[in-house]
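The values are calculated or read from the model by the stated rules, or taken from the named source; none is laboratory data. Computed from a prediction, not measured in an experiment: that's the story for all the values here. With ideal geometry, Cβ positions are generated from the backbone for all residues, glycine too; neighbour counts draw on all protein chains shown. Each accessible area value is taken on the protein alone, full model and side chains, heavy atoms only, with ligands, DNA and RNA left out. Shrake-Rupley method; radii C 1.70, N 1.55, O 1.52, S 1.80 Å.
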Amino acid sequence: RGTLSGTVKSFGSTTDPVTVQLFKSGSSAAAYNTTVKGNSASYTVSGVTPGTYTVKVSKKNHVTREYKVTVGAQTVTQNAQIHPKGDINGDGKVNTSDVGKANAHAKGASPLTGYQLACADINGDGKVNTSDVGKLNAHAKGKSPLW
């Protein structure tokens, strides 16, 4: 059996749990699950049956991030960084930089992909458009917090 370990960087509360889950391909139930606390938290999952897993890292008010890992007899390291909803550039804040990135995407000028796209999709409809940009802008101006 193998071990998966790493460090998860997150933002905001240092007491909200960070959840690290391993899912076997095709399964909706986590095969392994651990929680840690802190904005730079180390985790270890031991006794992992060798194979390929999707690792899901999540925390309140953050956008869940997924990684693919293959665990064997050796220890595998998978570090992760998760961002608060709306934090496209990963600095821990939602500000005009994030609004600009979302707006450029909505206008088709500079497309976002992957995790950045997920962070910018405020209403969860799978795309980033003027609705998301407006919500980001209202948060950045302190008018209507996202979280």
Any chance Val94 is farther than 13 Å from Phe11 by Cβ, in contact (Cβ under 8 Å) with a residue 12 or more places away in the chain and among the hydrophobic types (A, V, I, L, M, F, W, C): no
Given (1) more than 29 Å from Thr14 (Cα to Cα); (2) assigned to a helix (DSSP H, G or I); (3) open to solvent by 60 Å² or more (accessible area, probe 1.4 Å), number of the condition Asn103 does not satisfy: (3)
Conditions (1) at pLDDT below 95; (2) under 8 Å from the mean Cα position of the chain (by Cα); (3) not aliphatic (A, V, I, L, M): number failed by Thr64: (1)
Residue list for segment 62-117, restricted to those being among the hydroxyl-bearing types (Ser, Thr, Tyr) and under 25 Å from Val48 (Cβ atoms): Thr64, Tyr67, Thr70, Thr75, Thr77, Tyr115
Residues satisfying the stated conditions in segment 101-129, i.e. among the basic types (Lys, Arg) and either more than 24 Å from Val57 (Cβ to Cβ) or under 12 Å from the mean Cα position of the chain (by Cα) (or both): Lys107
Leading residue by the ranking (nearest to Thr96 (Cα to Cα)) among those in segment 125-145 that are of a type in the set (A, V, I, L, M, F, W, C) and assigned to a helix (DSSP H, G or I): Ala140
Tabulated pairs, segment 104-115, first without any contact (Cβ under 8 Å) to a residue 24 or more places away in the chain, second in a helix (DSSP H, G or I), C-beta under 7 angstrom, 6+ apart or interchain: His105/Ala120; Ser110/Ala104; Pro111/His105
Segment 68-95 - residue that is outside any strand (DSSP E or B) and of a type in the set (D, E, K, R) and, of those, surrounded by the most Cβ atoms within 10 Å (Cβ to Cβ): Asp87
Residue match in segment 108-116 (condition: of a type in the set (S, T, N, Q) and part of a strand (DSSP E or B)): no
Test: residue in segment 130-138 that is of a type in the set (Asp, Glu), surrounded by 14 or more Cβ atoms within 10 Å (Cβ to Cβ) and within 17 Å of the chain's Cα centre (by Cα): no
